[in-house]
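The values are calculated or read from the model by the stated rules, or taken from the named source; none is laboratory data. Values in this document were obtained by computation on a predicted structure and should not be read as measured data. Using ideal geometry, Cβ is built from the backbone for each residue, glycine included, and neighbour counts are taken over all protein chains shown. The protein model used for the area step is the full one, side chains on, heavy atoms only, and it has no ligands, DNA or RNA in it. Shrake-Rupley method; radii C 1.70, N 1.55, O 1.52, S 1.80 Å.
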Amino acid sequence: MAELSPMMQQYFRIKDSHKDHIVFFRLGDFYEMFYEDALIASKELELVLTGRDCGQETRAPMCGIPFKSCETYIAKLIQKGYKVAICEQVEDPAFAKGVVSREVVRVITPGTVLESNLLEEDSNNFLCCIFYQPGGYGLIFADISTGEMNLIELTQDDDSLLLNELSRYAPREVIFNPAFLEKKSIAKFLREKMLCTADLLEEEKYDIDAASARILAHFEAESLEGLGLAAYLKCTRALGALLEYLADTQKLGVERMITLRFHNEAQYMNLDQNARTHLELLSTMRSKDKRGSLLWVLDKTKTPMGKRQIKNFLRQPLVNPAAINKRLNAVEELVGNQLRCSEIIDLLGGIFDIERMITRIVYGNATPREYKALEQTIRQFPGIKGHLADCRSAYLKEIDSQIDLLEDVAQLLEASIQEEPPTTLKDGGVIRKGYSDQLDQLRDLMDHALDYITRMENEQREATGIRNLKISYNKVFGYYIEVTRSNLSQVPEHYIRKQTLANCERYIIQELKELEEKILSATDQAISLETQLFEQVRTSVAKQLHRIQQSASAISRLDVFCSFAQTALMNQYVRPDVDLSQRIAITDGRHPVVEQLLTGAPFVPNDTLLEPGENQIAIITGPNMAGKSTYMRQTALIVLMAQIGSFVPAASAQIGVVDGIYTRVGASDDLSAGQSTFMVEMVEVAKILKDATANSLLILDEIGRGTSTYDGMSIAQGVLEFIADKRRLGAKTLFATHYHELTQMEERLPCVKNYNICVKKRGDDITFLRKIVRGGADESYGIEVSKLAGIPDWIIKRAKEILKQLESDKPMQESRPVKAATESMPDEMQIQFENPKLVQLEAQLKDIDLNTLTPLEALNILYGLKELVK
């Protein structure tokens, strides 16, 4: 350290406290990085690596970025999982003695981002704090950009429960106590599956007494009971640690964290990671896109707050019929008054993200234009409240009462901030004229400096009688009075000579120097005064945090209800009857996503009936591609839509609330965990049977197909018998299978009913009618489906021969080798120049009997032919 320059000594003292962070060290108009930080930043940001003399023999590696464009570079580092410490000059260099004082004013981590261009406006950015001790977890999922904190206490030491919650909230960053280090499999999941950063906090930060004191001070509360935390000691420890972590990294603004939400399992439907993925609630399984998901269909929201809120609704469907019907009443009233709904939607289009704006205002990061956007948003509130004033539903009345007009805030912002302010405060021009007399005088001086000089020049000419006296300026003397030699006798005694030239003399006077000082310092004074005034405005607005947050929350829910209403009107949805009947009765149900994606063919609706007793389990058989999975998923989605408070795609629907939806759809190897397709399938089935209750809805597709036929059939039948037994489970279940032998279960178990997908066969061709009817399928149609998929004719012909031989042979347990084909593969199978699709099209057209086609069959055939030739 002794060998280093004073500035580099300062740098290393700061860096020593931020070893895990890339330090952005402010030098003038740049943020510089040194040594290891410079090497990392140079590589990750593609910056030129330079060097700086630091007092040692070798130059320090260095790279830098302009402070004005730092956010782009910070975003890249944060996305790559790095943390950035912003080290600012906290002293004016003009008045500094020696090295300018510097301090880290903020640490930016993936979970503590505030900048709008670093955040997705339609998604929360969660930071998770975990406290673990054998027996359970305390979890806090906090979004500091919106001020919300979700508290979850898990009373079981069950890793799958923790993984489910982590998947639900998808945090960008996780912090945890030392005991959590033993959970190596979860650490691997966080690193490889969720791609989030993770950090260990010291055990003392989770101390119950220190955490309790910190929480009470933060919320200005008398006791934990008053905050509802008394029964959640693990959450209390996690919350205390989180608040300290935010204070350490953000320095200021932690008071923004004001919203505590307790996640109670009795409040929400159980939706594990598999169910959310298989049902494609927020994104599709393959492409991870929003298009093709349920969110894509339902999200017609206009505000960023609404876009985040609708995701929360989808993640947490309700199980209380009263709460669900309260939402449905609001949606129904908006559906019933389309004009009102349309006008509210138009007003919502003018609402900015005030939830995150107020956060940046509290932290002091908001730009002048964001203050103006806040004012423009508040101006929409009277119109919205006007449309809600005579609403009858309890929820819309509640929203109306929670939207604060915030007239005082709007008036302050209108009076103080320019109509079109600059993006930053640095160069002034933010405060509106008329807000401060002192600032107006300084601006007047800046704008009319020449007029003031000219006025003084005329005054001095009249006072002295020197008609050619003039006032000029140069960098050496500043402003001065110039008098020609012929008029020197008229120069007053109080003029102070500054310079003698060949044909004139130059003077200064006290009044001129005072005016000069005012003019030259007016800009700096104006900017300094604007900064003070802007801070006063910021403080005043920040004090209204609770009012603005309450209004933002109300607007977000109104936005979601309007979105539900608009979707219902556009897609002809109906209000479901939601009750505790344990009965799911859907008439002409449709898949909300598939029907929107179909082009050129109508969606075929189907009925569903599931209830305790004779209709507890529906076994669904039929060929692949016929629509079994679509039918089962649409039933689950209709139930879920009803329980979030949305209308549903059906002619009518009675939904007895379910406490959970569990799915086993498809299978894939988990090679990283050393698990085969069958093992993954069995692990998921085991978890479903363990977690589900009699009030759950199970969607099981092709259980047992990952192993041999008889093993798979045996397992599938055992699972069915377990579910059917009310003493063991008794859950409502849709069970799709290719094991036609399982259809015999209807005769043995009174709670089982068989259904199949209608298929019409003509010769070797089949048409999927997409209609669910009673009874089991008589064939699998596997060969016919293979033909539709484009399998060559020779293989289709050979498969039929093998099938015929197998069916005529003895039972499979006494099977013998199938006779090998004597016919060699035809040449056309080796080299095929014909277009197979055209050959297939010709064959299908030849086989169509126009005299026997129903209108629905004709539409389906036409749709299939169109898809074939695309």
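Which residues, taken from the stretch 169-186, are open to solvent by 40 Å² or more (accessible area, probe 1.4 Å) and either assigned to a helix (DSSP H, G or I) or free of Cβ contacts under 8 Å to residues at least 60 places away in the same chain (or both)?
Ala170, Pro178, Leu181, Glu182, Lys184, Ser185
Residue-by-condition table, conditions (1) among the aliphatic types (A, V, I, L, M); (2) in contact (Cβ under 8 Å) with a residue 60 or more places away in the chain; (3) more than 30 Å from Asn365 (Cα to Cα):
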residue: Cys196; (1), (2), (3): no, yes, no
residue: Leu200; (1), (2), (3): yes, no, no
residue: Glu204; (1), (2), (3): no, no, yes
residue: Ala213; (1), (2), (3): yes, no, no
residue: Arg237; (1), (2), (3): no, yes, no
residue: Leu243; (1), (2), (3): yes, no, no
residue: Gln250; (1), (2), (3): no, yes, no
residue: Phe262; (1), (2), (3): no, yes, no
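Looking only at helices (runs of 4 or more DSSP H) that lie completely in the stretch 375-481, which have at least 2 residues being of a type in the set (Asp, Glu) and within 24 Å of His494 (Cα to Cα)?
The helices (runs of 4 or more DSSP H) meeting that bar are 449-464.
For the stretch 757-774, name all the residues that are open to solvent by 20 Å² or more (accessible area, probe 1.4 Å) and at pLDDT 85 or above.
Lys771, Ile772, Val773, Arg774
Kindly indicate the residue of the stretch 709-737 that is among the polar types (S, T, N, Q) and surrounded by fewer than 23 Cβ atoms within 10 Å (Cβ to Cβ) and also farthest from Thr663 (Cα to Cα) among those meeting that condition.
Keep residues of the stretch 709-737 that are among the polar types (S, T, N, Q), which gives 709, 714, 717, 733, 737.
Filter once more, keeping what is surrounded by fewer than 23 Cβ atoms within 10 Å (Cβ to Cβ): 709, 714, 717.
Working: Thr709: 22, Ser714: 20, Gln717: 17 Å.
Among those residues, the one meeting the criterion is Thr709.
Quick test of your reading of the structure: Lys193 fulfils all but one of (1) under 28 Å from the mean Cα position of the chain (by Cα); (2) open to solvent by 50 Å² or more (accessible area, probe 1.4 Å); (3) over 28 Å from Leu271 (Cα atoms). Name the failing condition by number.
Of everything listed in (1) under 28 Å from the mean Cα position of the chain (by Cα); (2) open to solvent by 50 Å² or more (accessible area, probe 1.4 Å); (3) over 28 Å from Leu271 (Cα atoms), Lys193 misses just condition (3).
Per-residue answers, yes or no, for (1) touching a strand residue (DSSP E or B) at 6+ places or on another chain (Cβ under 8 Å); (2) without any contact (Cβ under 8 Å) to a residue 24 or more places away in the chain; (3) farther than 22 Å from Gly147 by Cα; (4) surrounded by fewer than 16 Cβ atoms within 10 Å (Cβ to Cβ):
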site: Ile344; (1), (2), (3), (4): no, no, yes, no
site: Ile358; (1), (2), (3), (4): no, no, no, no
site: Ile384; (1), (2), (3), (4): no, no, yes, no
site: Tyr395; (1), (2), (3), (4): no, no, yes, no
site: Ile399; (1), (2), (3), (4): no, no, no, no
site: Ala415; (1), (2), (3), (4): no, yes, yes, yes
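Which condition breaks for Gly730 when tested against (1) at pLDDT below 90; (2) under 30 Å from Thr587 (Cβ atoms); (3) assigned to a loop (DSSP other than H, G, I, E, B)?
Among (1) at pLDDT below 90; (2) under 30 Å from Thr587 (Cβ atoms); (3) assigned to a loop (DSSP other than H, G, I, E, B), the lone unmet condition for Gly730 is (1).
Taking the condition at pLDDT 95 or above and touching a Ser or Thr at 6+ places or on another chain (Cβ under 7 Å), does Tyr435 pass?
Yes: the conditions hold for Tyr435.
Scan the stretch 91-125 residue by residue and report those that are in contact (Cβ under 8 Å) with a residue 60 or more places away in the chain, among the charged types (D, E, K, R) and out of contact with any strand residue (DSSP E or B) (no Cβ under 6 Å at 6 or more places or on another chain).
Passing the criteria: Glu103, Glu115, Glu121, Asp122.
Quick check on Arg392: is it farther than 30 Å from Ala322 by Cα and of a type in the set (Lys, Arg)? Step through it out loud before you land on a result.
Working: farther than 30 Å from Ala322 by Cα: no; of a type in the set (Lys, Arg): yes.
It is false that Arg392 is farther than 30 Å from Ala322 by Cα and of a type in the set (Lys, Arg).
Take the residues in the stretch 286-327 that are within 23 Å of His591 (Cβ to Cβ) and free of Cβ contacts under 8 Å to residues at least 24 places away in the same chain; name whichever of them is most open to solvent (accessible area, probe 1.4 Å).
Looking at the filtered set, the residue picked out is Arg286.
Would you call Asp451 of a type in the set (D, E, K, R) and farther than 25 Å from Glu370 by Cα?
Yes.
Anything in the stretch 454-471 that is among the polar types (S, T, N, Q) and open to solvent by 30 Å² or more (accessible area, probe 1.4 Å)? List them, or say none. Quick ask: steps written out before the conclusion?
Narrowing the stretch 454-471 to residues among the polar types (S, T, N, Q): 454, 458, 460, 464, 468.
Across the stretch 454-471, the qualifying residues are Thr454, Asn458, Asn468.
Which is more than 25 Å from Leu850 (Cβ to Cβ), among the charged types (D, E, K, R), modelled with pLDDT of 65 or more and surrounded by 14 or more Cβ atoms within 10 Å (Cβ to Cβ), of Lys804, Lys753?
Details: Lys804 fails: surrounded by 14 or more Cβ atoms within 10 Å (Cβ to Cβ).
Of the residues listed, the single one that is more than 25 Å from Leu850 (Cβ to Cβ), among the charged types (D, E, K, R), modelled with pLDDT of 65 or more and surrounded by 14 or more Cβ atoms within 10 Å (Cβ to Cβ) is Lys753.
Just to verify a result, which residue in the stretch 37-78, among those that are within 33 Å of the chain's Cα centre (by Cα) and among the acidic types (Asp, Glu), is most open to solvent (accessible area, probe 1.4 Å)?
Out of the qualifying residues, it is Glu46.
Give the residues of the stretch 360-374 that are part of a helix (DSSP H, G or I), touching a residue at least 40 places away in the same chain (Cβ under 8 Å) and of a type in the set (A, V, I, L, M), sorted by residue number.
Listed by number, the residues that qualify are Ile361, Val362, Leu374.
Can we say Thr663 is touching a Ser or Thr at 6+ places or on another chain (Cβ under 6 Å) and polar (S, T, N, Q)? Walk me through it before giving the result.
Details: touching a Ser or Thr at 6+ places or on another chain (Cβ under 6 Å): no; polar (S, T, N, Q): yes.
So Thr663 fails the test.
Which condition number does Leu246 fail, the rest of (1) closer than 19 Å to Pro171 by Cβ; (2) of a type outside the set (Asp, Glu); (3) open to solvent by 10 Å² or more (accessible area, probe 1.4 Å) being met?
(3)
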